[in-house]
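Here the structure comes first, spelled out in structure tokens, and everything after it is commentary.
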Amino acid sequence: MPITRSRLIGLAASILLISTVVTGLFLGMQTRAQFKEVAASWAGYTDETAKKGDWISSLRGYLGYGGIIHNFKNYVLRGEEVYRSRVVVQLEQFDAVLSNYLAEPLPDEERLALTAIAATIAQYEAKLPIATKAAREGWPAAQTDALVRVDDSAAIFALSKLEQIWQQNRDLSTKRVAAAVSTGQTLIGVGFVSMFALVTVALSLGFLMMLLLRDMRQAMDNLSEELVHRRRLEQSQKLLAETVEQSPATILITDTDGHIEYANPKFIEVTGWSLNELTGKTPRMLQSGDTPDTTYGDIRKNLMRGEPWHGVFRNLRKSGGSYWAETTILPLKGADGMVRNFIGIGEDITEKRRAQEQVTRAQKMEAVGLMAGGIAHDFNNILTTIIGAAHMASLDAEEGSDLAGEVEQIDIAARRAQSLVRQLLTFARREPGVAVATDLCAVIGEVARLLRAAMPPTIVIETPDRDCPSSVLADPTHLHQILMNLCSNAAEAIGGKSGLIKISVSPPETEPPGLAARNDGWVRLTVEDDGQGMSQSTLESIFAPFFTTKPIGKGTGLGLAVVQGLVQEMGGQITVDSKQGQGARFILWLPAAGQLALAKVPQAEALPRGRGQILIIDDEVEVASIFRRLLQRLGYQVEAFSHATSGLARFRDNSDRYDLVILDLVMPEMSGDEVAAEIRALRPQCPILFCSAYRKSDLDLHGPKPGFLNKPVEPSQLAQRIKEMLQTA
């Protein structure tokens, strides 16, 4: 009997459970269907009805007060531009709303109503130019209104029709939503009853399910904690990998034997080696040879002891170039404390070092400028005395005698010292030269004469024919300096061996690369030698300031930098072609001077003599003395003073006595321009010649323009300039 009861209870429970489940499923499906119906009806209500309601509201606004028709009529009556602007803006907005409305699938009745509204607005838009013209020309409002009047009754009727259709659709959607909600409420009530029965049945099974759920929850909590821990670990590993991959520093990992196991993308980018090419190799391929092998050995010993290392390497790229890397090498230890790997973290500091080198060079340049400016005045005064005394001694020395040879060597040494000071001043201050039409071949001849006296007889200098002058637009002194530097370097490259320095001039066969075409064209100057030549690395730095391959004390590193600067200042260009053991060839493209009159190049000839009374004021006693002796020898009557105040007082005593005054610009008591101003105040037309190591650009004196000669002064230049100034006075 109990078994039968149990079976009956079990059967009843099963039937009840099945019935409840089936009922629940049925009610659930019906409820879901009703919710879909509610959603669909509500979507139709909110999307279609609400969207069309917004559009109809916008159309009502464009047709009503403050809309297109209202503003159009106000514009016709008042002619104010603000109404026309509103109409134009509202027409654009109306077109946008109408386009969106018509883009929807619409019944024919709605589409016809929209078409009627659009036709009415189109009439207003078509008549807007007439209203605009009327407002501009001041037509009477009645006349304008008669021309632009539009019957808008069809549009008003169509708008009403649209509102009626929209109202009907809204009512239908509302009823549909209400019906769906009502049916859903009924189903929900039935569902609550069914759920109560289901809960009653489920309570009998709830206790056992609670125990089962408790065990399952504990297992799930444990599993969740494990998953969270693993996810955090994976995220940490992923973050670490992304950090290493995207690191701006180079990262290299090796085993303790130095074999590469990993290199990040930045390392591959900097070195040019691929990961496949690096894996299994040692970093020896990166070594430039600057770091001794013993240093690498010491680094490895420190790492094996667990000590990191920090320093700077110059490493090689795959392309053969090099880069500077500030590197930190760390030992990676395992769980047992033993070193398992080495990791090298580096930063490419090549550009940083270049910037530091540029700053250092700039500081050197500033120091050179200060040094050159400080010594130029005194040193050029000394050179003026040496050159003047050597010239006077050469006049007394018998031609071809040992004394004449020694005097010529003194003159050559003084000119080389003059060239060195000029290089320093030119490079440090970049004083522009005066570009004039200059006979390039004449300058070459003068330079060759000086060089032949200073070079070994085993070196032959080949120059172009002097009968075929080539005129270039340049400062003659700068040309002289360029040729002296290039030829001196060529002679040093040849050394004590027999060799040839060839200087040639020709018009270029084609337009120089990188230079613009000129009406007067270009002249090509070539200086080549058969010396030892230069390596590729030397060629890359040949024009850099202070770069030199000569031993300490044998070169300044300024010569070619000065040459490049002077050529560029002329508007020209310089290139070099050289290989190790095959000599060097410098090619210069200089601007041709066309038909301009050629500037005279000083030639070794007798100094012009003259007559006249000359006053010399120079704070350097030796300079004043050599000028006085030289000019007296040329026939002039000369008085010389080393104090500006004394010389000025002598001029005041008899200002008409002197035919010419020679002044230095920089003097301790009074500057040269102050003395000149005093002289011109006493005698406005007095000729004045400045001889100084400084050229003052803002010198302003009343009367004739003063002459100027740079110290050290060539005796021939001094004699020629004095003669010219006295002839034109």
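The values are calculated or read from the model by the stated rules, or taken from the named source; none is laboratory data. Keep in mind it's a predicted model, so treat the numbers as computed, not measured. Because the Cβ atoms are built from the backbone with ideal geometry, glycine has one as well, and the counts that use them run over all protein chains shown.
Results, tabulated for the structure shown:
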item: Residue list for the stretch 626-650, restricted to those being aromatic (Phe, Trp, Tyr) and more than 14 Å from Leu718 (Cβ to Cβ); result: Phe641
item: Residues (part of a strand (DSSP E or B) and touching a helix residue (DSSP H, G or I) at 6+ places or on another chain (Cβ under 6 Å)) located in the stretch 440-464; result: Ile459, Ile461
item: Scan of the stretch 236-288 for residues that are loosely packed, with under 11 Cβ neighbours inside 10 Å, among the small types (Gly, Ala, Ser) and either part of a loop (DSSP other than H, G, I, E, B) or in contact with a helix residue (DSSP H, G or I) (Cβ under 8 Å, 6 or more places away or on another chain) (or both), ordered by number; result: Gly280
item: Count of residues meeting criterion [surrounded by fewer than 17 Cβ atoms within 10 Å (Cβ to Cβ) and within 58 Å of the chain's Cα centre (by Cα)] in the stretch 109-124; result: 1
item: Subset of the stretch 66-93 (residues that are among the aromatic types (Phe, Trp, Tyr) and closer than 16 Å to Thr120 by Cα); result: Phe72
item: Yes/no for Val675 being of a type in the set (A, V, I, L, M), closer than 19 Å to Ala624 by Cβ, under 50 Å from the mean Cα position of the chain (by Cα) and in a helix (DSSP H, G or I); result: yes
item: Number of the exception - Leu91 against (1) farther than 22 Å from Lys161 by Cβ; (2) among the hydrophobic types (A, V, I, L, M, F, W, C); (3) touching a residue at least 40 places away in the same chain (Cβ under 8 Å); result: (3)
item: Residue check for Lys723: modelled with pLDDT of 90 or more and surrounded by fewer than 19 Cβ atoms within 10 Å (Cβ to Cβ); result: yes
item: Flag for Ser504 being of a type in the set (Ser, Thr, Tyr) and modelled with pLDDT of 80 or more; result: yes
item: Whichever residue in the stretch 645-672 is of a type in the set (D, E, K, R) and surrounded by 19 or more Cβ atoms within 10 Å (Cβ to Cβ) and, among such residues, is nearest to the chain's Cα centre (by Cα); result: Asp664
item: Failed criterion for Gly297 (all others in (1) over 15 Å from Gly346 (Cα atoms); (2) surrounded by 11 or more Cβ atoms within 10 Å (Cβ to Cβ); (3) small (Gly, Ala, Ser) hold); result: (2)
item: Filtered residue count, the stretch 465-503, keeping only those that are assigned to a strand (DSSP E or B), of a type in the set (A, V, I, L, M) and over 17 Å from Glu569 (Cα atoms); result: 3
item: Cross-chain or 6+ apart pairs with Cβ under 7 Å, the stretch 310-326 first and assigned by TED's automatic domain parsing to the domain that holds Leu278 and within 11 Å of Gly272 (Cβ to Cβ), then at pLDDT 85 or above and in a loop (DSSP other than H, G, I, E, B); result: Arg317/Gly272; Lys318/Gly272; Lys318/Trp273; Ser319/Gly272; Tyr323/Arg317
item: Some residue of the stretch 692-704 being surrounded by fewer than 18 Cβ atoms within 10 Å (Cβ to Cβ), in the same structural domain as Gln632 (by TED's automatic domain parsing) and within 21 Å of Arg611 (Cβ to Cβ); result: yes
item: Unique match (being of a type outside the set (Phe, Trp, Tyr) and in contact (Cβ under 8 Å) with a residue 60 or more places away in the chain) among Asp653, Asp673, Asp659; result: Asp659
